[in-house]
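Taking it in order: structure first as C-alpha cells, then the write-up.
The values are calculated or read from the model by the stated rules, or taken from the named source; none is laboratory data. Here the structure is a predicted model, which is why all the values come from computation and not from measurement. Here the Cβ positions follow ideal geometry from the backbone for every residue, glycine too, while neighbour counts run over all protein chains shown.
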Amino acid sequence: MSQWSQFLEPYKQAVDELKIKLKGIRSQYHLEDIHTPVEFVTGRVKPLASIYDKTLEKNIAFIPSKELATALPDIAGLRIMCQFVDDISAVVEILRKRNDIEIIEERDYISNRKASGYRSYHMIIKYPVQTIHGEVAILAEIQIRTLAMNFWASIEHSLNYKYESALPEEINNRLERAAEAAFRLDEEMSLIRDEIQDAQKYFSDYKQRATKKRDKPNQKGEKI
C-alpha cells in the first residue's frame, strides 16, 4: 500500500461511516412519520490533485503528515441537503447533540454570506475511526445547505475552475444576482412550507394506497 493510500484510508472509512449515520437521521424521521430536515447526504475524500493545490496555496509540503491533516480539515467532506432554510438549523442542533463527533469549528455563511453570494453552513468535526492499528481521529467538514444553495455553489465551482478563480466581471455580477434569486426562492418556499409538506404527504399516501390496491389479490387470487 502506498503512503497516500495508507494515509487516506481512514478518511474513506470516516466518510462511509458518517454517510450511513447521517442518512440514518432521515430514516428515523420517516419512521416517526414527521418531516425530516435531511433531504439527502453525499460524501467524498478530496482527490490528490485537489490536496496538491491546497498544499501550494497553504505553502506546506505535499506529503502525508500530521501537519497536512491539521492544515486541511476538509480532506473528508460530507454534504447534507435540506429542503428548507429552517431545516439547516435543525440539522445543526442534531449534530451538536451527538456524542460520536466533536465539533471543532462552525462557520455560518447563511446569516453571513460570502461576498460572492455563497451560502452554506460549515462544521469542522473530529471523528474517531477504528483501525487495526488503533483509533485514529479524523478531521472532516460537513456542509449543510438547501438544494437551491447547492445548485448555485455547484455552478460557481465549475465557473471558478474554468476561469481559474478569475471570473469576468459580468459573470461575477450575474452570479451574485443568481445567488440572491436562489435565496429568495428559499425564502418563498419557507413561507408556503406547510402547504408543500401537506402536498408531499398527500402524494406519498396516495402512492402507498395505489401500491396496496395494485398488490391486493382479486376474487380469483390474482393480483390486480
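Here Ser111 meets each of (1) in a loop (DSSP other than H, G, I, E, B); (2) free of Cβ contacts under 8 Å to residues at least 24 places away in the same chain; (3) in contact with a Pro (Cβ under 8 Å, 6 or more places away or on another chain) with one exception, condition (3). Test Asn150 against the stated conditions and say whether it is within 30 Å of Ile101 (Cα to Cα) and assigned to a helix (DSSP H, G or I). Answer is yes for this residue. Pairs are defined by a Cβ separation below 9 Å, a sequence spacing of at least 6 or placement on different chains, a first member in region 86-107 that is more than 30 Å from Leu191 (Cβ to Cβ) and in a strand (DSSP E or B), and a second member that is charged (D, E, K, R) and at pLDDT 95 or above; the pairs so defined are Glu102/Lys126; Ile103/Arg96; Ile103/Lys126; Ile104/Lys126.
The residue pairs whose first member lies in region 167-189 and is modelled with pLDDT under 90, whose second member is loosely packed, with under 15 Cβ neighbours inside 10 Å and not in a helix (DSSP H, G or I), and whose beta carbons are closer than 8 Å, counting only pairs six or more residues apart or on different chains, are Ile171/Tyr163.
A residue that is surrounded by fewer than 16 Cβ atoms within 10 Å (Cβ to Cβ) and hydrophobic (A, V, I, L, M, F, W, C) occurs nowhere in region 72-87. Among the residues of region 104-142, the one identified as of a type in the set (Asp, Glu) and surrounded by 18 or more Cβ atoms within 10 Å (Cβ to Cβ) is Glu141. On the stretch given as region 161-176, residues that are farther than 17 Å from Lys54 by Cα and of a type in the set (Phe, Trp, Tyr) total 1. Listed by position, the helices (runs of 4 or more DSSP H) contained in region 1-84 that have at least 3 residues being within 25 Å of Pro128 (Cβ to Cβ), more than 16 Å from the chain's Cα centre (by Cα) and in contact (Cβ under 8 Å) with a residue 60 or more places away in the chain are 3-31. Taking the conditions (1) of a type in the set (S, T, N, Q); (2) over 16 Å from the mean Cα position of the chain (by Cα); (3) part of a helix (DSSP H, G or I) in turn, Ser116 satisfies each one other than (3).
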